[in-house]
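I have placed the structure first, in the form of structure tokens, so that the comments after it can refer back to it.
Rule-based calculations on the coordinates, nothing more; no lab input. What you are looking at is a predicted structure, and each value in this text was computed from that prediction instead of being measured. So basically every Cβ, Gly included, is an ideal-geometry build from the backbone, and we count neighbours across all protein chains shown.
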There are 2 protein chains.
Amino acid sequence: MTQTNRRILLAQRPNGKPRLEDFKLDEAPLPEPQDGQVLLKILYLSLDPYMRGRMSAGKSYAKPVGIGEVMEGGTVGQIIASRHPAFSPGDIVLSHSGWQSFAVADGASLRKLDPAAAPVSTALGVLGMPGFTAYAGLLTIGQPKPGETVVVAAASGAVGSAVGQIAKIVGARAVGIAGGAQKCAFVRDQLGFDAVVDHHTSDFPSQLRAACPQGVDVYFENVGGPVWDAVFPLLNDFARVPVCGLIAQYNDTGRPAGPDRLPHLMRDVLSRSLLIRGFIQREFADQRPAFYTQMAAWIASGQVQYREDVVDGLDAAPEAFIGLLEGRNFGKLVVHVADHAEDEGL
Amino acid sequence: MTQTNRRILLAQRPNGKPRLEDFKLDEAPLPEPQDGQVLLKILYLSLDPYMRGRMSAGKSYAKPVGIGEVMEGGTVGQIIASRHPAFSPGDIVLSHSGWQSFAVADGASLRKLDPAAAPVSTALGVLGMPGFTAYAGLLTIGQPKPGETVVVAAASGAVGSAVGQIAKIVGARAVGIAGGAQKCAFVRDQLGFDAVVDHHTSDFPSQLRAACPQGVDVYFENVGGPVWDAVFPLLNDFARVPVCGLIAQYNDTGRPAGPDRLPHLMRDVLSRSLLIRGFIQREFADQRPAFYTQMAAWIASGQVQYREDVVDGLDAAPEAFIGLLEGRNFGKLVVHVADHAEDEGL
């Protein structure tokens, strides 16, 4: 049986919210690994908010996906052919192979995973980029102290759930923001946040204020928009705001109506000695070994819980991604692309 | 001869730009020092942009001056009566006694000055709060590295002149912004900045861009307004923005017209991994001893130059302060309130 590589390409740049027509399913022959490379069968594809940025042409911290190119993304794959001495068929690895069912990758870019240690899909979530984003951004930039209040939105999601639980571990008070009763119950009852506020309710700003009677010392910013508007007045003197995402703004087009709030923001930055710091996790790459060890221990002890939202089949990725931008996922969103083979026949 | 205390009070809160009617000259009997206190004759009064904030009722990092109260400010005074064991008549000290000709102060709040080491007025400028603001904000928050570009506005002023010269000392490239040809020549020729741009010129933004061919790594923000607008697009990835003042915005009233630039700012903070950090020098108080030693050495070696703009007589303070907010001073603005006595008869 001749296998083909199913790929999802960027068909056109979205105007505002991405639509299904912005993606295109394609079939191509299986690629051939060269010396130093491996051929991978993709098992899991990670869907993350940052991918919206890659669909646009504007300058950002990474170059955009080109029209007609495979959509970018983190993946877990199983090696089916290897021309790299460190990898053998059957090995399961973390790669950045994008939205496709097979891929060639340089051996040097891969991290081998141990399926006995944790479900391999966690390498895309709590034990991967989102978990590390939470860990490095909260501890290095946010620096919460015991008794301080940490607020994070998308609190049932991949990054937010880790931020709140790590905040608890270091002795801070964790206040989550989530959309809908089901997610809020999960954040409070399963993840153990001290308080949770539903941003769908009409009096969300006053509920948030009530949930933060001592103000806010760390706001881990991953959404922007109306949540920022509600949190900003609550920031205490010397509050820290690590900024890792602005999902509520990614689909914005045009120039927002006035008044211009920038001068007021800067006055508050000055009068309250605020820190605002954008970051991408890779600038803290030297902390990754410590993170893997620490997070695995927290998961083993039950101090960090995680939830995955698994979508079946590569073809479902575009619709699932559109839902992610609207908050329809519940937990870390991953696409199950293929089962992994237990034997070497694959 | 009975001496009276001449005092300048806040008569009313300004609406926009302060006017002379917002101040009131007053005479009162000389205050009496209690145990642990001293009576001071004020020699120099510092005039600084932050005082505009104290004239308004809004929340800030310090409480506002009350209507009918003496305007706040740093001062150099000479002790004429002491009920504190560490101070004797004739001693010259740094105090925070405000806009008046005499004052009582707690001995514990004073720092004794050595008139032989440096002109005592420098304790209000390059060797005082403004110099320390430059030192702590630039080195602790800005952290310029050799070869990086540091931009500062009000570059002939108390803070800006120190920022650029310290940037040069640590090996960075210093680009100043100043208003008018005379100040620009001083910044370039006397202070030794690598480049200077006049913000009065019509093509200021493009001149600034030309002066920063490698972009901007540290923008020491002390003015806000149109200068911010010109600098912000030039900020490199990982740029740092210590914010110690926003003099161009202090007289603003009402809500600025749109579009709302806040969402765009946050997107750039994220995509360029920017750091924006408001601060007041006193949070870095533990660095003051190192600062006094280091800055005195830099002045002695000629690596740091300073310029004072001395106005004569307390009564001239309101008009001089109004001019400061309009950039009419040239160098650190101080009011010469009285001569210091060389003998103990005072």
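Some observations on this one:
- Within the stretch A:253-318, the ratio Rg/Rh, alpha carbon atoms throughout and Rh by Kirkwood, equals 1.18.
- Using C-alpha pairs under 8 Å with a sequence gap of at least 6, the mean separation divided by the residue count of chain B gives a relative contact order of 18 percent.
- Each Cα pair under 8 Å and six or more residues apart adds its separation to the average, and for the stretch B:129-301 the resulting relative contact order is 21 percent.
- For the B-to-A rotation axis, chain B residue with nearest beta carbon and its distance in angstrom: B:G258, 1
- Sorting the Cα pairs of the stretch B:1-40 by distance into bins of 10 Å, from 0 upward, gives 25, 34, 26, 15, 1 percent per bin.
- Spin-label model, B:R19 to B:A181: label points 7 Å out along the Cα-to-beta-carbon direction sit 3.5 nm apart.
- Take the convex hull of the alpha carbons in the stretch A:215-285; its mean projected area over all directions comes to 5.5 nm².
- Debye log10 I(q)/I(0) at q = 0.09, 0.19 Å⁻¹ for the stretch A:1-114, Cα point scatterers: -0.26, -0.98
- Listed by chain and number, the aspartates and glutamates whose alpha-carbon sits under 15 Å from that of A:K112, ignoring those within fewer than 8 places in the same chain, are A:D91.
- Calculated P(r) tail over 30 Å for chain B, as whole % of Cα pairs: 38
- Highest-fluctuation residue, A:V241, A:V170, A:V334 considered, GNM on chain A with Cα pairs under 10 Å: A:V170
- Taking the stretch B:112-216 and dividing mean pair separation by its residue count, relative contact order in percent (alpha carbons under 8 Å, at least six apart): 21
- Only helical runs count toward this figure. For the protein assembly as shown, summing -39,500 (n - 2.57) over DSSP H runs of n ≥ 4 and dividing by all residues gives -6000 deg cm²/dmol at 222 nm.
- Here the convex hull built on the C-alpha positions of the stretch A:149-249 has a volume of 87 cubic angstrom per residue.
- Candidate cross-link partners of B:K17 among the lysines, defined by an alpha-carbon separation under 24 Å and a same-chain spacing of 8 or more, comprise B:K59, B:K63, B:K183, B:K332.
- Under the Debye formula (equal points on every Cα, no solvent term), log10 I(q)/I(0) of the protein assembly as shown at q = 0.05, 0.08 Å⁻¹: -0.31, -0.72
- Across the stretch B:208-224, rounded Karplus estimates of 3J(HN,Hα) from the backbone phi angles (6.51 cos²θ - 1.76 cosθ + 1.60, θ = phi - 60°) give 5, 4, 5, 7, 10, x, 9, x, 10, 9, 9, 10, 8, 8, 10, 10, x Hz, Gly and Pro being marked x.
- Over the C-alpha trace of the stretch B:185-240, radius of gyration and Dmax come out as 11.4, 32 angstrom.
- B:A108 paired with B:D315, simple spin-label distance in nm, labels 7 Å along Cα-to-beta-carbon: 3.9
- Distant-in-sequence amide contacts of B:E148, defined by a placed amide H-H separation under 5 Å and a gap of 5 or more residues or a different chain, comprise B:R173.
- In whole percents, the pair-distance distribution calculated for the stretch B:129-301 from its alpha-carbon pairs, binned every 10 Å from zero, is 10, 39, 36, 13, 1.
- Sequence-ordered 3J(HN,Hα) estimates for the stretch A:76-88 from the Karplus curve with 6.51, -1.76 and 1.60 and θ = phi - 60° stand at 10, x, 10, 6, 10, 7, 10, 10, 10, x, 7, 10, 10 Hz, glycine and proline given as x.
- Residues of the stretch A:240-279 with amide N under 20 Å of the 7 Å Cα→Cβ point at A:D229: A:245-269
- Over all other residues within a Cβ to Cβ distance under 10 Å of B:R173, the charged ones net out to -2, with Lys and Arg as +1 and Asp and Glu as -1.
- Under the Karplus curve 6.51 cos²θ - 1.76 cosθ + 1.60, θ = phi - 60°, whole-Hz ³J(HN,Hα) for the stretch A:158-173, x wherever Gly or Pro sits: 4, 7, x, 5, 6, 4, x, 6, 5, 4, 4, 4, 8, x, 8, 9
- Using the Cβ-Cβ distance between B:Q305 and B:T253 with R0 set to 35 Å, the FRET efficiency works out to roughly 0.40.
- Looking at the stretch B:67-162, the pairs of alpha carbons with a distance over 17 Å make up 60% of the total.
- Magnitude of the charge dipole, the stretch A:129-301, Cβ model with Lys/Arg +1 and Asp/Glu -1, debye to 20: 180
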